[in-house]
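Following: one structure in structure tokens, then a few remarks.
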Amino acid sequence: MAKTPFVVVPELTAIAVAYRQGNLIADQVLPYVPVSTQEFKYKKYNLADEFTLPSTLVGRKGPPQQVEFGETEVTDAVQDHGLDAPVPNVDIEAHERARAAGQTGATDPMMRATRQVMQLVLTAREKRVADLVFNLNSYGTNNKTTLAPGSRFSDDAVKPHNVITDALDGMIMRPNIAVFGRVAWSKTSRNPNLVKVVYGQGTEQGQVTRQQFAELFELDQVLVGDGWINTAAKGQPPAVTRLWGKDCAFLYRDMNADSEFGITFGFTARFGDRLGGYIEDPDMGMRGGRRARAGESVKELVTANDLGYLFKDAVA
């Protein structure tokens with residue numbers, strides 16, 4: 001029997017497009033940028049070339065010296081990320097009967113399955129972004145530091161404001177956002193020396209707010225990743241861990257940058273919009289069913305690794 005094609009359902013697509021999980025920050029760290037085809041080109045930047053001064057002297061009859069900027073056109077392609085959830089026809093028919101009887105509180109099993117699928121798809125995206133942003137290989141040689149015991153922001157003797165300021169002052173373009181894992185933020189924001197800088201001498205107990213931290217380091221936003229993931233194998237007891245770990249990064253983010261113009265630490269190329277729909281499955285149970293499907297076609301990218309600074313193992 002030939003497979004029934006994927007049926008795009010506007011109502012399910014609307015759920016997939018609108019769905020937002022409150023504790024995820026990937027869309028703010030590496031914002032979506034639309035691309036017109038699945039295979040696309042983008043510019044990867046080496047900003048050092050823009051600060052290498054050539055001679056600007058022009059002879060009376062000679063031409064000015066020509067310069068080339070450090071950008072390379074790279075070809076890449078989006079990847080499809082989606083999941084299915086089985087919904088037996090028995091459940092679908094029961095909902096239709098309930099709706100026909102005027103039971104307005106009945107939950108559409110296809111819509112519920114689409115929301116659940118989209119939550120997992122977006123959690124997987126969150127992990128990809130966290131792995132990319134907190135990866136030492138995503139940063140230039142001079143734009144990363146692995147903090148050893150005794151030098152971490154969770155150590156009372158350490159002065160995070162000095163360490164962070166010195167790192168940011170050495171960057172070509174100053175970052176405008178900070179990205180923390182929840183544990184890294186909680187421990188850094190309670191550092192007594194940081195608290196003293198914000199609240200004044202004699203105040204070493206307490207916690208710095210995100211707004212205070214942003215003002216101290218001239219940032220537009222402080223993002224804190226709260227997401228969780230179960231790393232246990234199927235059938236084993238849950239082993240839940242944080243998606244964003246104990247690192248922190250400072251990035252220059254341009255929300256108006258795209259694959260052609262604008263310089264930013266990174267973005268997410270997306271082909272089309274999120275999709276929601278179903279595939280008929282005649283072999284599901286006794287009476288068949290539908291597989292609710294939702295997903296998107298995306299690729300997370302770092303386009304200018306000079307525009308970020310990573311503190312690996314920021315806290316104990």
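The values are calculated or read from the model by the stated rules, or taken from the named source; none is laboratory data. Worth saying up front: this structure is predicted, and the values here are computed from it rather than measured. Virtual Cβ from ideal backbone geometry, glycine too; neighbours counted across all protein chains shown.
All of (1) out of contact with any Gly (no Cβ under 9 Å at 6 or more places or on another chain); (2) touching a residue at least 24 places away in the same chain (Cβ under 8 Å) hold for P63 with one exception: (2). Consider the range 259-295 and keep the residues that are acidic (D, E) and closer than 26 Å to P10 by Cβ. The one that is surrounded by the most Cβ atoms within 10 Å (Cβ to Cβ) is D281.
Within the range 215-254, being modelled with pLDDT of 95 or more, out of contact with any strand residue (DSSP E or B) (no Cβ under 9 Å at 6 or more places or on another chain) and aliphatic (A, V, I, L, M) holds for one residue alone: L216. Residues of the range 132-154 that are surrounded by fewer than 11 Cβ atoms within 10 Å (Cβ to Cβ) and farther than 12 Å from V302 by Cβ: T141, A148, P149, G150.
Do you know which residues across the range 101-114 are farther than 15 Å from R290 by Cβ and part of a helix (DSSP H, G or I)? Listed by number, the list is empty, since nothing qualifies.
Got at least one residue in the range 137-151 being within 24 Å of F213 (Cα to Cα) and at pLDDT below 95? Yes, there is a match, as at least one residue in the range 137-151 is within 24 Å of F213 (Cα to Cα) and at pLDDT below 95. A Cβ distance below 7 Å, combined with a sequence gap of six or more or placement on separate chains, defines the contacts here; from the range 147-170, residues that are touching a residue at least 24 places away in the same chain (Cβ under 8 Å) reach residues that are β-branched (V, I, T) and assigned to a loop (DSSP other than H, G, I, E, B) in the pairs R152/V158; R152/V315; F153/V315; S154/V315. Among residues belonging to the range 177-193 that are touching a residue at least 40 places away in the same chain (Cβ under 8 Å) and in contact with a helix residue (DSSP H, G or I) (Cβ under 9 Å, 6 or more places away or on another chain), point out the one that is farthest from T264 (Cα to Cα). Selected residue: T188. Counting only strands (runs of 3 or more DSSP E) that sit wholly inside the range 243-316, those with at least 3 residues that are among the hydrophobic types (A, V, I, L, M, F, W, C) are 248-251, 266-281, 289-302. Looking across the range 85-100, the residues that are of a type outside the set (K, R) and either touching a helix residue (DSSP H, G or I) at 6+ places or on another chain (Cβ under 7 Å) or part of a helix (DSSP H, G or I) (or both) come down to A85, V87, N89, V90, D91, I92, E93, A94, H95, E96, A98, A100.
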